[in-house]
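One structure below.
No value in this document is a laboratory result; all are computed from the given coordinates. Since the model is a prediction, treat every value here as computed from it, not as a measurement. Positions of Cβ are generated from backbone atoms using ideal geometry, with glycine treated the same way; all protein chains shown enter the neighbour counts.
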Amino acid sequence: MSTGNFESWEGEITEIGAIYPFVGSEFILWLIGIGLWILWHVLQCRAENKQYEDELKKFGDSDTIKKLLDVENSEQF
């Protein structure tokens, strides 16, 4: 497998140049990475908001939960 246009590692590393695949595509890959990162955050926020809404429907709001916990704590003692 060749990663560059040279036959030997002898010489100055600055003369050899880049030795990794897709040289020159760093900015495009960076943009794709940032775009996927933002997309993940959007999808994650939507999923968490949906889960929160489902739990509100199932358990009620914070006042309801506090009342239930107060009743449960008063029954234990």
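Filter the stretch 23-46 for residues that are of a type in the set (Phe, Trp, Tyr) and either over 10 Å from the mean Cα position of the chain (by Cα) or on the phi > 0 side of the Ramachandran plot (or both) and give the result.
Phe27, Trp30
Filter the stretch 40-77 down to the residues that are exposed (fewer than 10 other Cβ atoms within 10 Å of the Cβ) and among the acidic types (Asp, Glu) and list them by number.
Scanning the stretch 40-77 gives Asp61, Asp63, Glu72, Glu75.
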